[in-house]
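For reference, the structure is listed below as structure tokens.
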Amino acid sequence: MLSRDTVPGESTPALAGIADEAHRTGNGLVLCADLAFAGVERLTLSGCVLLDPAVDDHDLAFLVEHGIPFVSIGRRERRDQLVPYVDVDYAAGVRGLVARAAALGHRNIVYIGLPFGAVSMERQHGFRAAVSALGLHGIHVPAAWLDQLLRTGVTVVITEHPDDAVSMIRAARLRGLSVPGQLSVLTLDTTEHDHLGITGMRVPRWETGCRAVQLLGSPSWQVPQELFACEFVAGTTLARPSP
């Protein structure tokens, strides 16, 4: 098993899933930062899981040339070949949170997230599609002060990163605002160490690593391309807006 990883924070759960499934199936695990590192062609590899989004055509050609089956964690395109992958349906996760907020009566929503990067852009597109379909007033900003948001009449904030949700909740409560009630705060990436009970979505990173190894052990004439749904975490920070 060969893996390449350049995003340690986000990839750690996926690595754990890879390691757990490799152990369960009796496979060894080799981690490397370069697909062409010295001696790889002399190893007997049952497959390769790609974690690095920067893997290019040269790297993929290396795997094909040496007959190494591979699965990518994260979607990637190649002009002359379908690339097998396991990924997360990030856009659907955003749409799900927006729909839940709308069902409770929220009409003004702010989304705080990065304006670049494949995952961030997918989430942003999902947010815009959801507010448009539901007839809501939605704004995307990379960052914002709480006072700025409150002046717009926003009643719910969705953050891409959980740290932003924590900061928003603490800032609101320091001002004497009720969360939820006067302001609901959601995150697209809940954590195991959340002590505030933040409502949001859990990203199934461990599951993608586990599934990637399973696909390597289940060859098929079809090129597998699978998406995992984010899991809703009820939490305590979403409620109907105050009248």
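Remarks
- Qualifying residue in segment 7-22 (condition: farther than 25 Å from Trp206 by Cβ, modelled with pLDDT under 65 and open to solvent by 60 Å² or more (accessible area, probe 1.4 Å)): no
- Looking across Val131, Val154, one residue alone is hydrophobic (A, V, I, L, M, F, W, C), over 30 Å from Pro69 (Cβ atoms), in a helix (DSSP H, G or I) and open to solvent by less than 30 Å² (accessible area, probe 1.4 Å). It is Val131.
- Residue ID - nearest to the chain's Cα centre (by Cα), chosen from residues in segment 188-225 that are among the polar types (S, T, N, Q) and within 22 Å of Arg24 (Cβ to Cβ): Thr208
- Test: residue in segment 158-176 that is more than 19 Å from Gly113 (Cα to Cα) and not in a helix (DSSP H, G or I): yes
- Filtered by the rule that a residue be in contact with a helix residue (DSSP H, G or I) (Cβ under 7 Å, 6 or more places away or on another chain) and among the aromatic types (Phe, Trp, Tyr), segment 197-237 gives Trp206, Phe228, Phe232.
- Conditions (1) within 25 Å of His195 (Cβ to Cβ); (2) over 16 Å from the mean Cα position of the chain (by Cα); (3) in a helix (DSSP H, G or I): number failed by Val110: (3)
The values are calculated or read from the model by the stated rules, or taken from the named source; none is laboratory data. Worth saying up front: this structure is predicted, and the values here are computed from it rather than measured. Neighbour counts are summed over all protein chains in view; Cβ atoms, including those assigned to glycine, are modelled from backbone coordinates with ideal geometry. Keep in mind that these areas ignore ligands, DNA and RNA; they rest on the heavy atoms of the full protein, side chains included. Shrake-Rupley method; radii C 1.70, N 1.55, O 1.52, S 1.80 Å.
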